[in-house]
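See below for the structure under consideration.
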Amino acid sequence: MRKPLTNRLLLPIVWIVLIAFSTVLYLLSYLPRTFSGHYYHFLSRVWCKLFIRALGVELKLIHKNRQPLPSQYIVIANHPSVLEDFGIPALFDVYPLAKEGVRDWILLGRMSDYAGTIFVSRDNPESRHNALQSLIDATKTGKNLVIFPEGGCKGRRIYKQFKYGAFDISLQTGVPIIPVYLQYIDERAFEWLGQTLMQKLWQVFNADDKRVNYYVHDAIFPDKFNDKESYARFVHARYLEWQEDYAAK
């Protein structure tokens, strides 16, 4: 489904603004770390919104929650595409956990590092331990987090199990989890299957149907669980139920 002509004509203007804004953020990232702060995190979220717009993606946040969302939270979501690395921060005031390789992304790696992204080398036990502690410390300062419990892009369907990290943090800190189910109408175009970052973004930019829905469900509180394993299994089961509701048949 192509966007209306008027929207397509605005895209060059959006790209010009995005390039100028990216240049400013990139230059700011060379300031001493002491100059980084909430202002840069806020600007990085604005950048994500601009980038989503520049890709022509029609991103909608759909509230399925019946109760008000808590003031502090850990967002979790399925991870079929690259888009959620930008879409989640565009919609939620969160600090992400990302794989170490994100540091190497052109421009984006340095900017995300300066904005407060926490990095982890998944195959390194010490790195995983340090990342876990950094995430716990972040919650103690009142920050919200986003973690993809599948442990990376595992395809368009929910992976067979969730990693325990997000649930461990929730149990240790008492911060509830907000589950968000990500639905891409054109699953084939958005699914990340080993392409380079630029290849995938180009494919998204040229997709025929750019409608994307992020379904927000009620927060899940850790006091209902005795351990991270049962917590993860419960939430994983909910995602399998939502997959039946939202995924293409």
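The values are calculated or read from the model by the stated rules, or taken from the named source; none is laboratory data. Bear in mind the structure is a predicted one, so any value in this text is a computation, not a measurement. Please note: Cβ atoms are built from the backbone with ideal geometry, for glycine as well, and neighbour counts cover all protein chains shown. Only protein heavy atoms, including side chains, enter the accessible area calculation; ligands, DNA and RNA are left aside. Shrake-Rupley method; radii C 1.70, N 1.55, O 1.52, S 1.80 Å.
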Evaluate Rg over Rh across region 171-249, taking Cα atoms for both radii and Kirkwood's formula for Rh.
-> 1.09
Karplus-derived HN-Hα couplings along region 117-133 (A = 6.51, B = -1.76, C = 1.60, θ = phi - 60°), whole Hz, x at Gly and Pro | 4, 9, 9, 9, 8, 4, 8, 10, x, 5, 5, 4, 5, 5, 5, 4, 5
Expressed in square angstrom to the nearest 10, the accessible area of residue 153 with a 1.4 Å probe stands at 50 Å²
Principal axis dimensions, region 57-158 - Cα atoms, whole angstrom, descending | 40, 32, 27
Using only the Cα atoms of region 1-124, each taken as one equal point scatterer with no solvent, compute I(q) by the Debye sum, divide by I(0), and report log10 of the ratio at q = 0.13, 0.17, 0.23 Å⁻¹.
-> -0.62, -1.01, -1.46
With all protein chains present and a 1.4 Å probe, how do 129, 217 order by accessible area, largest first?
-> 129, 217
Where N is the number of residues in region 11-58, Cα Rg divided by 2.2 N^0.38 Å = 1.24
Please compute P(r) over all alpha-carbon pairs of region 115-249, binned at 5 Å starting from zero, and give each bin as a whole-number percent.
-> 2, 9, 16, 19, 19, 16, 11, 6, 1, 0
Cβ-based net charge around residue 136, under 15 Å, with every Lys or Arg adding one and every Asp or Glu removing one | +2
Expressed in whole Å with the largest first, what are the equivalent ellipsoid semi-axes of region 78-138 derived from the C-alpha gyration tensor as the square root of 5 times each eigenvalue?
-> 19, 14, 12
Hey, what did region 1-101 get for relative contact order, percent, Cα under 8 Å, at least 6 apart?
-> 32 percent
Over the chain, average the accessible area per residue using a 1.4 Å probe and give it in Å², no decimals.
-> 52 Å²
Gaussian network model of the chain, Cα springs within a sub-10 Å range: biggest mean-square fluctuation belongs to which of 226, 130, 78?
-> 226
Hey, got the dipole for the chain? About the Cα centre, +1 on K and R Cβ, -1 on D and E Cβ, debye to the nearest 20?
-> 460 debye
Out of 216, 14, 204, a Gaussian network model of the chain with alpha-carbon springs under 10 Å gives the largest mean-square fluctuation to 14
Dipole moment magnitude, nearest 20 debye, region 16-100 about Cα centre, only Lys, Arg, Asp, Glu C-beta charged | 200 debye
Using the Kirkwood radius built from alpha carbon pairs, what does the Stokes-Einstein equation give as D for the chain at 10 °C and 1.306 mPa s, in µm² per second?
-> 84 µm²/s
Listed residue pairs exceeding 29 Å between alpha carbons, taken from 140/210; 163/224; 200/224 = 140/210; 200/224
Report the residue, chosen from 30, 214, 95, that carries the largest GNM mean-square fluctuation when the chain is represented by alpha-carbon nodes joined by springs under 10 Å.
-> 30
Quick one: Cα centre-to-centre distance for region 143-206 and region 210-242, in angstrom?
-> 13 Å
In the chain, what percent of the accessible surface is made up of carbon and sulfur (1.4 Å probe, ligands and nucleic acids excluded)?
-> 56 percent
